[in-house]
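All remarks here apply to the structure that follows.
The values are calculated or read from the model by the stated rules, or taken from the named source; none is laboratory data. None of these values were measured; they are calculated from a predicted model. Heads up, the Cβs are rebuilt from the backbone with ideal geometry, glycines too, and the neighbour counts pull from every protein chain shown. Ligands, DNA and RNA are stripped out before the accessible areas are found, and what is left, the full protein with its side chains, is counted by its heavy atoms. Shrake-Rupley method; radii C 1.70, N 1.55, O 1.52, S 1.80 Å.
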Amino acid sequence: MSAKKSLKRAKKHKMVQPWDPAVYAQDPTAYLQIQSQSEMWEISEIEEFFELARQYNIISSTEEEGLRSRMSQSQMDRDEVNSILYDKLRPLLRLTARVKELERGNQKVLH
């Protein structure tokens, strides 16, 4: 795409706040299609879940690519992908919440 076309498309796109560079970096074309702030938050949450799942080796890169592909081709909606990722991350999320709880308890004892 030429620079003039990109600039013309960018001018037509109404700015959605807050800006999320992670969402833009993942797929600039998809970012330009975001219509509302709530849609941006949904996508940001999914991106955070993908990041956590990669970081802790909860999903393989092949599985991630498959989920992203089905989502972009409208074979799955964002709620379904979010639900799948949340189910896979649930033990990790519970564990991190418990660790934070224990750390707060230790800080109270130390003070």
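Quick one: is Gln17 surrounded by fewer than 12 Cβ atoms within 10 Å (Cβ to Cβ), modelled with pLDDT of 80 or more, assigned to a loop (DSSP other than H, G, I, E, B) and out of contact with any strand residue (DSSP E or B) (no Cβ under 9 Å at 6 or more places or on another chain)? It is false that Gln17 is surrounded by fewer than 12 Cβ atoms within 10 Å (Cβ to Cβ), modelled with pLDDT of 80 or more, assigned to a loop (DSSP other than H, G, I, E, B) and out of contact with any strand residue (DSSP E or B) (no Cβ under 9 Å at 6 or more places or on another chain). Could you tell me whether segment 29-45 includes any residue that is in contact with a helix residue (DSSP H, G or I) (Cβ under 8 Å, 6 or more places away or on another chain), of a type in the set (S, T, N, Q), assigned to a helix (DSSP H, G or I) and open to solvent by 30 Å² or more (accessible area, probe 1.4 Å)? No, because not a single residue in segment 29-45 is in contact with a helix residue (DSSP H, G or I) (Cβ under 8 Å, 6 or more places away or on another chain), of a type in the set (S, T, N, Q), assigned to a helix (DSSP H, G or I) and open to solvent by 30 Å² or more (accessible area, probe 1.4 Å).
Count of segment 53-92 residues, restricted to those that are assigned to a helix (DSSP H, G or I) and open to solvent by 50 Å² or more (accessible area, probe 1.4 Å), is 18.
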